[in-house]
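Okay, so here's the structure we're looking at.
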Amino acid sequence: MAFRRSPSSTCAESWLNGASFRRVATVLSESSSIHSDALYYLTKDMSGIGLDPMPYSTVEPVPYREEPMAEESQKLLQRNSMQVSPSEDKIPVMGSASGCNAAVGEGLYFSDGRRKIDYVLVFHHRRHSSIRSPASASVSQDRLSIVSNGNFPSMAASDAGTGGGGAGIPGGEAAGVSEVFMELGGAGDGEPVEPGDHEMRLIRQEFEANLLEAGLEIERDRELKTHGPSFTRLHAPWPVLCREAEFLKIKVPTKTSYELKEESGFGSSMSSVWRTLNKPFQPKVPHQDHGRTKFLSHCFTRDKLHLYNITSKETFFDNTTRSRIVYEILRRTVCVRTCQTIGISTLIAKGVYDAAFPLHDGDFKVIGHLEERNDRQVLHEEWARYSAFYKYQPIDLIRKYFGEKIGLYFAWLGVYTQLLVLASIVGIIVFGYGVATMETNIPSLEMCDQHLNFTMCPLCDGACDYWHLSTACGTAKASHLFDNPATVFFAIFMSLWAVLFLEQWKRRQISLSFSWDLTGIEEDEEHPRPRYETILLQKRQRMQKNKKKKKKNEPPTDKLTWKDRLPGYFINVSAILFMFGLTFSAVFGVIIYRITVSALMAMSPDPEIKANVRVTVTATAVIINLVVILILDEIYGTVALWLTELEIPKTETNFEERLILKAFLLKFMNAYAPIFYVAFFKGRFAGHPGSYVYVFNHYRMEECAPGGCLIELCIQLSIIMLGKQLIQNNIFEIGIPKLKKLVRTLKDKESAPKEREEEKPHQWNLDYALAPFEGLTPEYMEMIIQFGFVSLFVASFPLAPLFALLNNIIEIRLDAKKFVTELRRPVAARAKDIGIWYNILSGMGKFSVIINAFVISFTSDFIPRLVYQYMYSQTGTMHGFIDHTLSYFNVSDFKPGTSPQNSAHENITYCRFKDYREPPWSPDAYHFSKQYWCVLAARLTFVILFQNLVMFLSLVVAWVIPDVPKTIVEQLKREKKLLVDVFLQEEKEKFQLIQSLFAKDATIHPSSQTPPTGQDLPIPGRYSTLPPGPTAGDGGGGPRARCRAASFSQFNRNIASSPMKENENSKHTAV
C-alpha cells in the first residue's frame, strides 16, 4: 500500500505537524492485500476497465452525489460479495443507524433494517475524528491518486442491475465511496497527533478493508466524534456463512427425521410419572422440543443444500453460530502493518481496537407480551432470577445463547449440585446420629464425670495451674457429634459419591454431546497467541541482524524452542517455591499467634478469660487464617497469570491449561495448608510434661484439645469454607463488579460530552458498557476448591455437603445473572468436554480417599476406641477408655520454673496427660508404651484396608455405570444408517437423472449417441451459493468461477474449465 503526496500541493503544514486532512488513494493490484468492495469503486484508472486517471493536484471539496456504479465495477463487487442473485444487492459500508426507527430490532440490525449485526468492533477516538466529510473540512485537502498496474481481470458483461449507491463513509455527511479522507496531520486545533494513533488509524483501515475482502459487510458510525468510543458493525451475508460453516464443519439439521424409541411396560409408566412430578420444576422455555421426533444432523456443505431444512436464510444459522463464524474470520484475518499473522487478537492486544464482541439479543427486561420474549429475556426470567432457584436449568437454551463451552459448565454445575442433595441427606443423617447418641456415649460421660477426678497437667509453664478433665465436658460432647462410628461410613460413602459424580457427569456429557451434535467434531485449528507472535518476531529480527554481521545463511526460525523459554521456566520454579514458602510462613505466623495469645491469656488474673482461652484463640486464629487465605488467593491468581505469560505458550489452549495448573496448585496449597496442619501436625510434636518442645525458647508448641483435634479441624474447615464462599460470593462476585461498573460509568460521563438524553442508546452502546467476559477459569476454580472441602476432609465435617448445596443454589443464579445482565456476550466456543478440569476432579477424588483414611485413623479416636474395646477392655465395652488414654506424670519431674507457681491444688503427686507413655514408676519412664505401638499398627492397617476397599468399590461403581447410555448407542447406530440411506437415495436420483439426460440427448440427436470429448455432463442441484453467471444455453460462453474460500481475491482469477452445456432452468454448485 503506497501513499504519495501531491507535488502541486500548496498546503504549508507538514505531514506530522500540519492540520490538514488529505484524500487518500491506494495502490491496487492483484497481489495487494486490500481488494475490498469499497476500494474497487474508490476511483477510476487506466487499467483497461475504461477508467480515467485522477490528477495530482490540490482540489476543493466536492459534494457527494449518488450515481450508479459502472457495470464493470458492479460485476466486480458482486463477484467479491458472492451474491446469490442480482436482486440481493449488498452495500458493504453503510452509514449510521441513528436514523432508523425503533422498530429495527432495537439496534440489532444495520440501518436498512434487514441485515443482522453479527459482531461489533470498538475503538476510541483520542483526538479529532480520523475521517471527515468534505463539507466539514475547513483546512486544505490533498488528493492522492489510486494507481493500478493493470492486473485487474477483464470483466464480462454483467447481467446484474445497478445497486444503490448511498454507501456512507464514516464522517459527518455521507461521503462518496470514491473518496476516503484520512487525517495525516494534526488536529484541527493545531495540537500534534501522536504517531502511534496515526499508525493505529491506518492499521484499522487496512484491517477493515481485508474484512471486506473476506466477504463481510461493514457499517460505521456516521456521527462525527472528537473522542470517545466508535463502533464498527459487521454482518456476514449468506454466502459467507455457507462458506465458513463448511470450513468449520458445523452440523446442521437435515430434512430427514426419525421417531425416537419409546419405552414400554413398567419403564414407560415410571417415566410418565417422573415427568409429571418434574413438570413444576421445568423452566417455561418456548419452542422447547420435548417431542419424540429428532432431525438428522450432518456437517454443512454447499453441495447438499437441498438436504438441509432451510426455511429461511436469515434464521437457518442462529445468532450464536453467526457470531462464531464472524469471529473465525476476524481472528485469521491478516494485517501486515502489525507484522503478525493473527487479526483481532493481536490488534486488541496492541490497542488498535478496545474490544470486539457479539451483541446480546436486546434488553433482558421483558417489555410487552411474554410470547414475544427473546432468548435473553427468557434466560433472565426462567434462569437468572433467585426466585427460580427450584427450577432446572434450561441447558439447551444456555448452549444456544452462549455456546457449548459455557453450556457444559452450567450442565456440570447442575449435575454437581443435584448429587450434593444425596450427600447432604446422608450428612444430615450422620450428624443426627451423633446428636442422638451424644448423651449415651461412654467416653463423653466419663470425661464429664466429676467423681473420676482426672487431674490434668498445666497447659502452660508457670502461670497455668492444674485442672480437672470434667471442665472440658462441652468439648467432649461436641467432638462426639463429628467423631462417631457413623463418620467412617460417611467417609466411605463420600469417596464412592465422588466416583458416582464423575461417572454420572461422563454420561451426562455424552448425552449432551449427542443432543448438541458434538459427536465426531474435530478440534478447531488454533492460531498463535499475540505475545508468542511478538516474541517470535523479535527472535527473527535478532537472527537477521546476526546473520548480516556473520554473513551466514541460516534458515529462518518458525517457532520458539526450550532455550527461548528457559528464563521463564526458571522464574516459574523459583516463584512457585517462593509462594509455597509464603503460604507456610502465613500458617506458621498464625501458629505463633495462637501460642503467644494462649500464654498471655493464661497469665491473666481474670478467671473468665482463663476459662475461655481455647475458644477465643481458636476462633480468632481461624478468622485470621480466612483473611490471609482470601488475600493470598487474589495475589496467587495474578501471579499465576504472570508466570504463565513468561512461559510464552503458543496457543490459547496451552495457555489456559498451564494457567489452570498453576492457579490450582497455588490456591489449593493456600486454602488447605491450615487445615492440613490441624489435621496431621498439631499436637504431634509438642512433647510431654517435663520435656516440651519450645518455639523461640519461651513458648510451648500447642496441643490438641482434650476431646481431640477433630473438633478443631471441624471448626477450621467450617469457618474457612463458609467464610470463603460467603465473602467471595457477596463481595468479590457481586460488590467488586458493581464497583468497577460504577467507576467505568463515572469515567465515561466525565470524558464523554453530554449527549441528548432523549435518544435511546443502541444495543452496542449498552453492551460496551458491560464488563468483558474473562473466561470460566474463576468459576471452575471456585467450585473445584469447594469440591475439595466436600470430599477431602468430609470425615471431620459431615455438614459440608449441605453448606455446599446451599451455596451452589445461590451460585447458579448468581452466575446466571452475571452472564445475562452484567457481562458482554462471549463468543460461542465449541467444546466436547470440560477439559483439564475433569482430570483435576478425578485426581482430587482419588486423593480424598487417602486423606479421609488418615483423618479417621490418625486425627479421630475411632481406631484407639476399637483397639481398647477388643484388646484391653475387660468387659468388652468402652468403660475405662478415658483412663486408658491418659498417662501419668510425676510433678517432681518438672523442670525448674515450669511447675505452677500459685497452685490452688494441694498434695498433687501425679498429673495426667493424653498420650500412650510408660508411667514414672516404670524402668522406661515416659517412653512410648506397648499400647502406642498397637494403636499405631492398627491405624496403618486401617489406612491400607480403607484405601483398597474404597478403590475396589469405586471400580465396581465405574464398571456398573456405563459411560455411554444404551439409548445413545442405539440412536447413534440408527442415525448412521439413516444418513447412509439418505446419501444412497441421493446418488440413485442423480443416476436416474443422468440416464434421462442421455435418453433426451439421444432423442434430439439420434446420430450422436455419445457426448463429445471434453464435455462434462452437468449435475443440477437445487440451490447455489454463487451468482448465476452466463451459461452455454443462453449464449454466454465464458468460464464460471469456482467457489473458493481462502480469500475473496482468488475470485478474480479466471479458472479454466471445459465448456459445459447446462439446462436453462437449473443451477448447480461448483465443487
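The values are calculated or read from the model by the stated rules, or taken from the named source; none is laboratory data. Computed from a prediction, not measured in an experiment: that's the story for all the values here. FYI the Cβ positions are ideal-geometry reconstructions off the backbone, even for glycines, and counts take in every protein chain you see. The protein model used for the area step is the full one, side chains on, heavy atoms only, and it has no ligands, DNA or RNA in it. Shrake-Rupley method; radii C 1.70, N 1.55, O 1.52, S 1.80 Å.
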Filtering GluC sites (Glu not before Pro) in the stretch 436-542 by DSSP loop and by at most 13 other Cβ atoms within 10 Å leaves GLU522, GLU523, GLU525, GLU526
ASP883: net charge of surrounding residues, Cβ under 10 Å, Lys/Arg +1, Asp/Glu -1, itself excluded? 0
Return the sequence-ordered ³J(HN,Hα) values of the stretch 305-320 in whole Hz as given by the Karplus equation 6.51 cos²θ - 1.76 cosθ + 1.60 applied to θ = phi - 60°, using x for Gly and Pro. 4, 6, 7, 8, 8, 8, 8, 8, 5, 6, 10, 4, 9, 6, 4, 5
Say the dipole of the stretch 349-472 comes from +1 at the beta carbon of Lys and Arg and -1 at that of Asp and Glu; which of VAL415, ASN374, PRO443 then lies farthest toward its positive end? ASN374
Compare the Cα positions of ALA621, THR653, LEU666 along the charge dipole of the stretch 620-688 (+1 at Cβ of Lys, Arg; -1 at Cβ of Asp, Glu; about the Cα centre) and return the one farthest towards the positive end. ALA621
Taking a straight Cα-to-Cα line shorter than 18 Å from LYS563, and setting aside same-chain lysines fewer than 8 residues away, one finds LYS539, LYS650
Leaving out same-chain residues fewer than 8 places away, which lysines sit with a Cα under 19 Å from that of LYS279? LYS391
Amide H of ALA355: which non-local residues (sequence gap of 5 or more, or other chain) have their own amide H closer than 5 Å, using H built in the peptide plane? VAL122
Determine which lysines satisfy two conditions relative to LYS846: a Cα distance under 23 Å, and not lying fewer than 8 residues away in the same chain. LYS506, LYS662, LYS667
Find how many whole Å separate the alpha carbon centroid of the stretch 842-879 from the alpha carbon centroid of the stretch 239-259. 60
Within 15 Å, Cβ to Cβ, of LEU717, how many net charges do the neighbouring residues add up to if Lys/Arg are +1 and Asp/Glu are -1? 0
Accessible-area value, ILE810, 1.4 Å probe, nucleic acids and ligands omitted, Å²: 90
Mind listing the phi-derived Karplus ³J(HN,Hα) values for the stretch 590-605, rounded to whole Hz, using 6.51, -1.76 and 1.60 with θ = phi - 60°, and x for any glycine or proline? 5, 4, 4, 4, 5, 5, 5, 5, 4, 5, 5, 5, 5, 7, 5, x
Charges only on Cβ, +1 for Lys and Arg, -1 for Asp and Glu: so what's the dipole of the stretch 644-718 about the Cα centre, in debye to the nearest 20? 240
Per residue, how much accessible area does the stretch 352-443 have with a 1.4 Å probe, in Å²? 40
If each part is reduced to its alpha-carbon centroid, the stretch 758-802 and the stretch 357-424 end up apart, in Å, by 14
Cα gyration tensor category, rounded, prolate or oblate, for the stretch 773-875 with a/c compared to 1.5: prolate
Got a number for the accessible area of VAL499? Probe 1.4 Å, square angstrom, nearest 10. 30
Determine the dipole magnitude for the stretch 453-595: charges of +1 sit on the beta-carbon of Lys and Arg, -1 on that of Asp and Glu, nothing else is charged, the reference point is the Cα centre, and the result goes in debye to the nearest 20. 1680
Hey, can you grab everything whose amide H is under 5 Å from the amide H of ARG115? Only 5+ residues off in sequence or another chain; H modelled, so Pro and N-termini drop out. PHE110
Toward the positive end of the charge dipole of the stretch 781-930, about the Cα centre and with charges on Cβ (Lys, Arg +1; Asp, Glu -1), which of TYR872, SER860, LEU841 goes farthest? LEU841
Between the alpha carbon centres of the stretch 899-956 and the stretch 571-620 the gap in Å comes to 25
